[in-house]
Every structure is written in structure tokens, then in C-alpha cells.
Amino acid sequence: MVHSDRMATMTCQTTFAFDQGIIRRLKSLATRWHVSQAEVIRRALSQVEGNVLALQPDPIKMLASLHQSGHGLSRELADAYVEEVYQGRKEWRGE
């Protein structure tokens, strides 16, 4: 395994327009953390991404929860819906 003490090579540079309040906060965090302003933004992005991913619902877990709760469709309602769709498709096809 190769280790390096060098910073990662940056391949893209961009410019942002912030108001004075944001600039003051950015510089304050950079000073407090002893890092560059770019590093403050990198860390903020990483933290936000982690929070967003943690808050995204898992559809499989949601479906399992619905099944376990017993608040889904009754067998009769589900069968009626499937029959309605089946008949609608037959009519659409001209059968």
C-alpha cells in the first residue's frame, strides 16, 4: 500500500459569489479549523451528503413496514382493483 503526505491533486477550479455574511462565516470556520476555505466547503459537502443519504427513505423497509402494520388493501379491494385494471386493458385493446 502506498501512502502519501501530499494533498490530493485538484483538477477543477471554480468561482463562487457569496454575500459578506457567508464569506465571514466561511473564513471564521477556516480559521477555527486551521484549513483552507476550500476545505471548509469540502467538509460541509461531505457532511450534507451523509445527512441527506441518512434521511432518504428505504422503499423496501417502507413496504415491509406497511405489510407489517396491516393497513394495506384488503384482499377483496386488491382483487377488485386488479379486475378493474384487467377489464380496462381488455377494453383498450378492443377485446
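Computed from the coordinates by the stated procedures, all read-outs in this text should not be read as laboratory data. Predicted model only: the values in this text are computed from it and were never measured. Cβ placement follows ideal geometry from the backbone for every residue including glycine, while neighbour counts extend to all protein chains displayed.
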Subject >> Computed Rg/Rh of the chain, alpha carbon atoms with Kirkwood Rh >> reply: 1.37
Original post:
Where nothing but the Cβ of Lys and Arg (+1) and of Asp and Glu (-1) is charged, how large is the charge dipole of the chain around its Cα centre, in debye to the nearest 20?
Top reply: 800 debye
Original post:
So for the pair residue 42, residue 79, with labels modelled 7 Å out along Cα→Cβ, what separation do we get in nm?
Top reply: 6.2 nm
